[in-house]
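> Dropping the structure in here first, questions after.
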Amino acid sequence: MAAKVLDSWALIAFFEDEPAAAEVEKLLVKAEAGSHKLLLSVVNWGEIYYNTMREASQELAEEKARDIAALPIEIVPVGTDLALVRQAAIYKATRKMAYADCFAAALAKLRNAELVTGDEEFKLVEKELPGIMWLRR
């Protein structure tokens, strides 16, 4: 089964009903049907949480956390996965990217998965990844 890595940008667009929300919803439906696996780094999960808390409230951040838990998305822990942390660190040291974005890119690279995002920052690593599904802004 093919895998796709969701960047936090994609899920935030989905939750905020931005133009890319329909594409993300299609991916979620296909994942539920078993067409592909959706992955989200725990670091990107944290980015969604803090972004929601900062812009709205902790209560809404908790609601988003419950929403994500109900979706067909595998949360990938960092734990002792030093290969994932090393690759994210390499991206952070060599590119002008947010650290959380480095984890999404590293996860896509190491899992040979397509990255799903609309964040143009990923153009910095596009050639190193198996592919990027660019969502419209």
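Per-residue answers, yes or no, for (1) surrounded by fewer than 17 Cβ atoms within 10 Å (Cβ to Cβ); (2) without any contact (Cβ under 8 Å) to a residue 12 or more places away in the chain; (3) within 16 Å of the chain's Cα centre (by Cα); (4) farther than 19 Å from Asp101 by Cα:
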| residue | (1), (2), (3), (4) |
| --- | --- |
| Ala2 | yes, no, yes, yes |
| Ser8 | no, no, yes, no |
| Pro19 | yes, no, no, yes |
| Glu25 | yes, yes, yes, yes |
| Lys30 | yes, yes, no, yes |
| Arg66 | yes, yes, no, yes |
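> Out of all the residues in segment 35-43, is one or more part of a helix (DSSP H, G or I), over 14 Å from Leu6 (Cβ atoms), modelled with pLDDT of 95 or more and touching a helix residue (DSSP H, G or I) at 6+ places or on another chain (Cβ under 8 Å)?
no
> Mind listing whichever residues of segment 80-137 are among the polar types (S, T, N, Q), surrounded by fewer than 21 Cβ atoms within 10 Å (Cβ to Cβ) and outside any helix (DSSP H, G or I)?
Residues satisfying the conditions are Thr80, Asn112.
> A further question on this structure: Being of a type in the set (Val, Ile, Thr), touching a strand residue (DSSP E or B) at 6+ places or on another chain (Cβ under 8 Å) and over 13 Å from Ala65 (Cα atoms) is the filter here; which residues of segment 12-54 pass it? Before the answer, list the steps.
We begin by selecting, within segment 12-54, every residue of a type in the set (Val, Ile, Thr); these are 12, 24, 29, 42-43, 48, 52.
Checking the rest, the ones that are also touching a strand residue (DSSP E or B) at 6+ places or on another chain (Cβ under 8 Å) come to 24, 42.
Within segment 12-54, Val24 is the sole residue that qualifies.
> Then there's this: Would you be able to say whether some residue in segment 74-91 is touching an Asp or Glu at 6+ places or on another chain (Cβ under 7 Å) and among the charged types (D, E, K, R)? Let's see the steps before the verdict.
First pass over segment 74-91, keeping only residues touching an Asp or Glu at 6+ places or on another chain (Cβ under 7 Å): none.
The answer is no; no qualifying residue exists.
The values are calculated or read from the model by the stated rules, or taken from the named source; none is laboratory data. Quick caveat: nothing in here was measured; it's all calculated off a predicted structure. For neighbour counting, all protein chains shown are included, and Cβ atoms are generated from backbone atoms with ideal geometry for every residue, glycine included.
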